[in-house]
1. Of all residues in the range 80-123 being more than 20 Å from residue 174 (Cβ to Cβ) and free of Cβ contacts under 8 Å to residues at least 40 places away in the same chain, which is surrounded by the most Cβ atoms within 10 Å (Cβ to Cβ)?
2. Please work out if residue 84 is at pLDDT 95 or above and more than 23 Å from residue 256 (Cα to Cα).
3. State all residues of the range 53-79 that are in contact with a strand residue (DSSP E or B) (Cβ under 9 Å, 6 or more places away or on another chain), in a helix (DSSP H, G or I), surrounded by fewer than 20 Cβ atoms within 10 Å (Cβ to Cβ) and free of Cβ contacts under 8 Å to residues at least 40 places away in the same chain; if no residue qualifies, say none.
4. I'd like to know if the range 220-241 contains one or more residues that are more than 14 Å from the ligand (Cβ to nearest atom), part of a helix (DSSP H, G or I), closer than 16 Å to residue 35 by Cβ and at pLDDT 95 or above.
5. Out of everything in the range 134-152 that is over 17 Å from the mean Cα position of the chain (by Cα) and away from the ligand (no atom under 12 Å from the Cβ), what residue ends up being nearest to residue 193 (Cα to Cα)?
6. Being out of contact with any helix residue (DSSP H, G or I) (no Cβ under 6 Å at 6 or more places or on another chain) and surrounded by 15 or more Cβ atoms within 10 Å (Cβ to Cβ): is that true of residue 48 here?
7. Any residue that is over 18 Å from residue 132 (Cβ atoms), within 13 Å of the ligand (Cβ to nearest atom) and touching a residue at least 12 places away in the same chain (Cβ under 8 Å) - is there at least one of those in the range 163-172?
Ligand code: UP6
């Protein structure tokens with residue numbers, strides 16, 4: 001019998017967390033990652049619990065949380081098991097290998113202890129991947145490289161983007177894909193593409209962010225749509241029921257486009 005779309009892609013993945021992401025997308029029929037950019041523990045956890053049923057992944061910025069503690073990550077892990085989603089700390093590492101290995105393993109946040117995937121800029125060269133890999137590989141973690149950005153005037157274009165893809169190819173045991181605005185690499189690579197700058201209702205935020213619809217980014221070859229304020233609204237007026245219904249709306253828009261593109 002012919003292998004299905006997901007089975008085929010899962011077979012190609014060297015990294016365990018890449019397989020987990022694809023399996024989660026398949027199980028939940030969701031390519032939605034909610035970017036949970038709230039700054040207090042209580043609101044963040046309520047938001048994640050509300051949108052959890054509709055997502056394959058939750059993206060965090062733990063360095064914006066005023067009352068961060070390790071109970072927060074314990075509770076995040078509990079919600080990850082309850083709702084079946086992958087945790088992605090959007091750390092955007094950008095230093096030399098030795099420094100990023102310390103930033104990843106140590107400090108207040110100890111990201112490697114709880115975040116299933118994280119990301120890094122390719123800017124410093126291969127040392128950044130080696131430094132993170134040294135910490136993360138044995139823990140079963142995966143890394144995304146920022147090959148492109150959603151913001152206006154991004155310098156991550158052209159030969160920089162191409163060099164990021166080449167770098168990922170040298171580290172296929174640990175690098176699972178890219179933050180990018182379109183499919184990168186070829187079908188043999190089968191990198192995961194995660195795309196931020198996704199919104200259904202507005203085109204920008206007045207601070208350089210640029211939004212495209214789930215349909216547009218799926219047509220460009222993305223695997224996971226990353227949506228923040230389009231779903232969460234602003235923290236000051238946090239409405240968790242509204243966030244849940246918006247998450248469902250983005251989940252459906254994304255899945256409809258994805259299922260149609262890949263004939264699922
Ligand atoms: N993000 C981008 N663009 C990138 C990379 N990362 O917007 O190229 C992150 C931001 C934010 C989220 O740091 O957490 O994705 C987008 O949020 P928004 O949907 O509220 O604009």
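1. This residue is 80.
2. No, not satisfied.
3. Step one: of the range 53-79, the residues in contact with a strand residue (DSSP E or B) (Cβ under 9 Å, 6 or more places away or on another chain) are 54-63, 73, 76-77, 79.
Adding the requirement that they be in a helix (DSSP H, G or I) leaves 54, 62-63, 73, 76-77, 79.
Restricting the remaining residues to those that are surrounded by fewer than 20 Cβ atoms within 10 Å (Cβ to Cβ) gives 62-63, 77, 79.
Scanning the range 53-79 gives 77, 79.
4. Checked against the condition, which is being more than 14 Å from the ligand (Cβ to nearest atom), part of a helix (DSSP H, G or I), closer than 16 Å to residue 35 by Cβ and at pLDDT 95 or above, the range 220-241 yields at least one hit.
5. If we filter the range 134-152 for residues that are over 17 Å from the mean Cα position of the chain (by Cα), which is where we start, we get 134-135, 137-139, 152.
Those left that are additionally away from the ligand (no atom under 12 Å from the Cβ): 134-135, 137-139.
Details: 134: 23, 135: 23, 137: 20, 138: 23, 139: 22 Å.
Checked the range 134-152; the qualifying residue nearest to residue 193 (Cα to Cα) is 137.
6. no
7. Scanning the range 163-172, I find no residue that is over 18 Å from residue 132 (Cβ atoms), within 13 Å of the ligand (Cβ to nearest atom) and touching a residue at least 12 places away in the same chain (Cβ under 8 Å), so the answer is no.
Listed here are the residues, each with its yes/no results for (1) closer than 14 Å to residue 94 by Cα; (2) not in a strand (DSSP E or B).
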site: 129; (1), (2): yes, yes
site: 137; (1), (2): no, yes
site: 145; (1), (2): yes, no
site: 151; (1), (2): no, yes
site: 156; (1), (2): yes, yes
site: 162; (1), (2): no, yes
site: 166; (1), (2): no, yes
site: 172; (1), (2): no, yes
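The values are calculated or read from the model by the stated rules, or taken from the named source; none is laboratory data. All figures in this text were calculated on a predicted structure; none of them were measured in a lab. Virtual Cβ from ideal backbone geometry, glycine too; neighbours counted across all protein chains shown.
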